[in-house]
Ligand code: F6P
């Protein structure tokens, strides 16, 4: 009994995992949490492999030796990650609720807190564990920058730099060959990355999920540039951007198109009353999957200019984190240990100006921080002539 009391008073045991897509800055955050926890507060820390799956399978890795040295600048996550959810995990060919196994492993490892590094989905999963009585804290990571409640997420700045540099380089071919270059940037639900990279790289057209575009308006902007002596254009398109026409198709037959994505976009605008037949619905689903290729093809037809597509994909998530991401991850990671030391749990550590602040997981979970239509950066972009296809 005396030993238990001593442990509770003197030493805290924390677990840490990374969940969702990998992102630059994850290792810097693990280091920030680990070094502050051990060096400053004298806590013990263990890592769980591959997100919630590793916690469910109790696959641990020690973090109290040299494991935290030399990782500040390294991309990916030394812990590994997965998109597995506690309540819906593929096990033996079935989807099972493994929450109880997770709760059991938390207690078997005598944890006082579990730190989960991830995006909006991870906040939701952490909230479920909180509701099962676990002490959890999350840190906001994603290159998409779409986590509600924080000024910014780590990973975003690095990806922004990569995407902007790609647009810079693509200008050479666009200009030399008088082509349209359509560059697809990550971001299914929010257009922060496409908007930021588009503005930084001087894209002529920026298409984001928040502003359904009219392909004729995009084509006209490109033709107008050509008439003014610039027969080339860069179109920065977020992977979740969608045309008004295509949105109407999906709205007309969300059930037939069948995907979760179709159901999601259904809420985004006025519904089309026409009902699609099976082949039209199937066509809509295909168009949705390949919409960037389809966009380039249509622009070629509508403008008479050659078009090429570059999909940046996971390049944007890889490699050395930027200085800004290393700093942000260190700030958030160390702030998490301050909260643990104070016994403040059930929160995400958000960036707020130069400071950090705890935001209750109930406030974060299930929300997405999208780009407001009147965001100052959209206004600035419009002022310098950027077309948003609306
Ligand atoms: O959420 C981050 C993100 O990079 C999104 O921008 C992208 O849509 C998605 O992950 C890709 O996920 P995956 O790596 O599982 O294909």
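Any read-out appearing in this document is the output of simple, stated calculations on the displayed coordinates, not a laboratory observation. Every value quoted in this text rests on a predicted model; they were computed, and no experiment measured them. When we count neighbours, we look across all protein chains shown, and the Cβ atoms used for this are built from the backbone with ideal geometry, even at glycine.
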query: Between Rg and the Kirkwood Rh of the chain, both from Cα atoms, what is the Rg to Rh ratio?
result: 1.03
- prompt: Taking a quarter of the surface of the convex hull around the Cα atoms of segment 82-136, what do you get in nm²?
  reply: 3.8
Most fluctuating residue given options 333, 93, 191, as computed from a GNM of the chain linking Cα atoms under 10 Å: 93
message: Which of 362, 239, 57 has the fewest other C-beta atoms within 10 Å, and how do the rest follow up to the most?
response: 362, 57, 239
- prompt: Could you give the alpha-carbon Rg of segment 34-89 over 2.2 N^0.38 Å, rounded to two decimals?
  reply: 1.25
- prompt: Which of 356, 81, 173 comes first, and how do the rest follow, when ranked by fewest Cβ neighbours within 10 Å?
  reply: 173, 356, 81
query: Size of segment 88-230 along its principal axes in angstrom, Cα-based, largest extent first?
result: 69, 29, 26
task: Relative to the longest principal axis of the C-alpha atoms of the chain, give the angle of the C-alpha long axis of helix 278-289, reported between 0 and 90° and rounded to the nearest 10°.
output: 70
statement: Semi-axes of segment 1-107 from the Cα gyration tensor (sqrt of 5 times each eigenvalue, largest first, whole Å) come to 25, 21, 9
message: If R₀ is 35 angstrom, what is the calculated FRET efficiency for the pair residue 64 and residue 95, using the beta carbon separation as r and rounding to 0.05?
response: 0.50
- prompt: Which of 290, 354, 146 moves most in a GNM of the chain, Cα contacts under 10 Å?
  reply: 354
- prompt: Can you give the helix-only mean residue ellipticity at 222 nm for the chain, where every DSSP H stretch with n ≥ 4 adds -39500 (n - 2.57) and the sum goes over all residues, rounded to the nearest 500 deg cm²/dmol?
  reply: -13000 deg cm²/dmol
